[in-house]
Amino acid sequence: MQQSREEVRKVTVFDVIKQLELDVFCDVMYGVVKDFKTQDELKGRLQEEISEKALRQINDAALMEGYPLIQKSIIPQNRDK
């Protein structure tokens with residue numbers, strides 16, 4: 001059975017950041033943007049993949065703090081890793 005492109009695509013930093021509430025997003029982006037000298041550096045960082053372990057840690061922290069969890073639709077379906 002062939003998997004769809006979405007099922008095998010890795011989750012990126014951008015996938016996670018764009019799910020943040022607006023105030024949290026602004027705080028994160030304001031702090032992040034100051035760390036990069038060019039748009040290409042920022043773009044490269046946002047395109048980096050996030051491990052499934054890191055996604056679980058983000059969801060665990062969100063749950064403890066009362067924030068919404070990352071949508072399962074962006075978490076890779078392939079559990080081999």
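The values are calculated or read from the model by the stated rules, or taken from the named source; none is laboratory data. Just so you know, these numbers come straight off a predicted model, no measurement behind them. Side chains are part of the model used for accessible areas, which takes the heavy atoms of the whole protein and leaves out ligands, DNA and RNA. Shrake-Rupley method; radii C 1.70, N 1.55, O 1.52, S 1.80 Å.
Calculate what fraction, in whole %, of the accessible area of segment 6-55 sits on carbon and sulfur atoms when a 1.4 Å probe is rolled over the protein chains. Of all accessible area on segment 6-55, carbon and sulfur atoms account for 54 percent.
Computed from backbone phi, the HN-Hα couplings of segment 19-34 come to 8, 6, 5, 3, 4, 5, 4, 4, 4, 5, 5, 4, x, 5, 4, 5 Hz, rounded to whole numbers (Karplus: 6.51 cos²θ - 1.76 cosθ + 1.60, θ = phi - 60°; Gly and Pro given as x). Put simply, the amide H of residue 12, placed in the peptide plane, has neighbours under 5 Å in 50, leaving out anything fewer than 5 places away on its chain.
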